[in-house]
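Since the structure comes first, as structure tokens, the remarks are kept for the end.
The values are calculated or read from the model by the stated rules, or taken from the named source; none is laboratory data. Predicted model, so just to flag it, every value in this text is computed and none were measured. With ideal geometry, Cβ positions are generated from the backbone for all residues, glycine too; neighbour counts draw on all protein chains shown. The area values use the complete protein model at the heavy-atom level, side chains included, leaving out ligands, DNA and RNA. Shrake-Rupley method; radii C 1.70, N 1.55, O 1.52, S 1.80 Å.
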Amino acid sequence: MTTEILRSMLYRGADIIRDIEWVIFDEVHYVNDVERGVVWEEVIIMLPRHINIILLSATVPNTIEFADWIGRTKQKKIRVTGTTKRPVPLEHCLFYSGELYKICEGETFIPLGLKAAKDAYKKKNSSATSGGTGSYSGSSTVQDGARGQKREPFNRGKQNKHSGPQNFGNYTGTGWGNQSNGGGQNSWGSRRTTWLMLIDKLSKKSLLPAVIFGFSKNQCDKSADSISGTDLTSSSEKSEIRVFCDKAFSRLKGSDRNLPQVVRVQSLLCRGIGVHHAGLLPIVKEVVEMLFCRGVIKVLFSTETFAMGVNAPARTVVFDTLRKFDGKEFRPVLPGEYTQMAGRAGRRGLDKIGTVIVMCRDEIPGERDLEHVIT
């Protein structure tokens with residue numbers, strides 16, 4: 001059950017509470033969540049004395065302090081146990097202009113990899129500036145406005161407002177802005193090329209299946225649609241997917257089977273591409289999850305929720321960007337959030353090592369920021 005349900009049972013004084021011996025809190029770091037955290041706190045405080053508690057989390061940094069608070073609140077002895085060793089170790093890479101640069105392995109940061117990526121960036125940009133692309137990036141935004149997409153440039157403006165201090169070098173805000181919201185035709189063209197380069201690289205190095213985390217539903221849909229020409233499945237996988245989809249969607253009544261979303265997702269799935277976010281119908285979301293677990297979906301564009309409740313690890317995890325909108329502002333991803341999502345890389349018993357990739361389009365993040373988030 002969700003924690004909210006347990007809370008209302010405690011408020012009501014439901015009879016079943018008398019018979020419960022154990023409550024297990026999964027993903028207990030949600031206590032830190034701005035909106036839902038208070039529910040976790042209330043339940044921990046209100047649980048009767050006879051109930052024992054187990055708390056699970058992969059990303060609570062201050063375990064002793066947290067356990068101490070619970071021990072004082074419940075007047076009980078709390079034992080803290082855990083491991084820092086992952087069953088499948090991770091390696092972290094940057095992806096820039098078609099190449100992978102390893103920047104961290106087994107908790108050890110590799111400055112040389114980052115330096116190589118920065119050198120490639122400088123090299124590319126010095127040749128680009130001599131070719132005069134400086135004015136080009138500006139003009140794409142102007143074109144955006146001219147194309148009458150009033151909302152997109154406005155969104156991008158909002159993004160830039162928050163992304164000012166995060167920029168590196170002499171960039172003035174377009175970097176992260178484009179990275180997380182590319183509204184213009186040109187930027188989607190370049191994004192599409194980047195996705196194709198990445199998927200090509202991953203399939204050559206046999207690093208598929210991959211989960212690609214973006215931080216907006218719209219982004220996930222657009223990214224999946226942008227690689228419409230890509231086909232990643234064999235003919236036997238295609239028939240497996242078709243049979244599975246037909247069986248699942250046969251439960252829908254008449255015209256519901258032809259809903260645009262159902263048709264669109266089915267055509268993506270047949271090519272080994274999936275989408276997973278809160279904007280999907282429950283049945284569609286479930287089909288995507290089940291097919292991903294069967295290993296026939298090779299590339300899944302997903303939002304952060306996929307890293308929480310779904311036990312579906314992949315060979316590789318890709319971060320579309322390291323900035324997110326948290327309901328109030330655009331901010332860098334926190335180390336805990338990064339750990340939670342990166343933890344989806346590496347399948348136990350299948351992979352010796354899990355790969356985590358950070359996409360770099362307009363710039364290479366600074367060493368301090370990367371090290372802070374990753375290690």
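Applying 1/(1 + (r/R0)^6) with R0 = 30 Å to the Cβ-Cβ distance of His50 and Thr2, what FRET efficiency is obtained, to the nearest 0.05?
Numbers: r = 23 Å, r/R0 = 0.75.
So, using R0 = 30 Å, E works out to roughly 0.85.
Mind grabbing the accessible area of Ser250 for me, 1.4 Å probe, Å², rounded to tens?
That residue has around 60 Å² of solvent-accessible surface.
Please state the charge dipole magnitude for the range 3-74, taken about the Cα centre, from unit charges on C-beta atoms (+1 on K and R, -1 on D and E), reported in debye and rounded to the nearest 20.
Values: 7 positive and 12 negative charges, 59 e Å.
Charge dipole of the range 3-74: 280 debye, to the nearest 20.
By accessible area of protein heavy atoms, probe 1.4 Å, what ranking do Tyr338, Tyr30 get, highest first? Walk me through the numbers before you get to the answer.
Values: Tyr338 5, Tyr30 60 Å².
Most to least solvent-accessible, the answer reads Tyr30, Tyr338.
What order do Arg86, Arg79 take when sorted by accessible area (1.4 Å probe), most exposed first?
Largest accessible area first, the residues go Arg79, Arg86.
Explain nothing, just compute: Karplus ³J(HN,Hα) = 6.51 cos²θ - 1.76 cosθ + 1.60, θ = phi - 60°, for every residue of the range 99-114 in order, whole Hz, x for Gly and Pro.
10, 9, 10, 6, 10, 6, 9, x, 6, 9, 6, 10, x, 4, x, 5
Suppose accessible area is computed on protein heavy atoms with a 1.4 Å probe; arrange Leu207, Leu112 from highest to lowest.
Final ranking, largest accessible area leading: Leu112, Leu207.
Show which lysines lie in cross-link reach of Lys85 when reach means a straight Cα distance below 22 angstrom and same-chain residues fewer than eight apart are skipped.
Lys102, Lys352
Ignoring solvent entirely, what values of log10 I(q)/I(0) come out of the Debye formula for the range 3-74 at 0.18, 0.19, 0.25 Å⁻¹ when each Cα is a single scatterer?
-0.71, -0.79, -1.31
Would you mind classifying the range 178-291 by shape? Square roots of the alpha carbon gyration tensor eigenvalues, ordered a ≥ b ≥ c; an a/c under 1.5 is rounded, otherwise it is prolate if a/b is larger than b/c and oblate if not. Walk me through the numbers before you get to the answer.
Numbers: a/c = 2.20, a/b = 1.39, b/c = 1.59.
The shape class here is oblate.
As I understand it, the dipole of the range 3-74 uses +1 on the Cβ of Lys and Arg and -1 on the Cβ of Asp and Glu, about the Cα centre. Which of Ser8, Val38, Ile51 lies farthest toward its positive end?
Working it through, the farthest residue towards the positive pole turns out to be Ile51.
Charges at C-beta only: +1 for Lys and Arg, -1 for Asp and Glu. How large is the resulting dipole of the range 201-342 about its Cα centre, in Debye rounded to 20? Could you put the intermediate results ahead of the total?
Values: 21 positive and 14 negative charges, 51 e Å.
The dipole magnitude comes to about 240 debye.
For Ile103, enumerate residues with amide H under 5 Å from its amide H, sequence gap 5+ or separate chain, H modeled in the peptide plane.
Long-range HN contacts for Ile103: His92, Cys93, Leu94.
Would you please state which residues of the range 340-361 a label at Thr375 would reach in this model, taking the label point 7 Å out along Cα→Cβ and a backbone N cut-off of under 19 Å?
Only 340, 342-343, 354-358 fall inside the zone, counting backbone N under 19 Å.
Rounded to the nearest percent, how much of the accessible area of the range 4-130 (1.4 Å probe, protein heavy atoms only) is carbon and sulfur?
55
Using the Cα centre as the reference, give the magnitude of the dipole from point charges on the C-beta atoms of the range 262-375 (Lys, Arg: +1; Asp, Glu: -1; all else neutral), rounded to the nearest 20 debye. Don't jump to the answer; show the numbers that get you there.
Working: 16 positive and 13 negative charges, 109 e Å.
Dipole magnitude for the range 262-375 comes out near 520 debye.
Over the range 322-375, what portion of Cα pair distances is larger than 13 Å, expressed as a whole percent?
Of the Cα pairs, 67 percent sit more than 13 Å apart.
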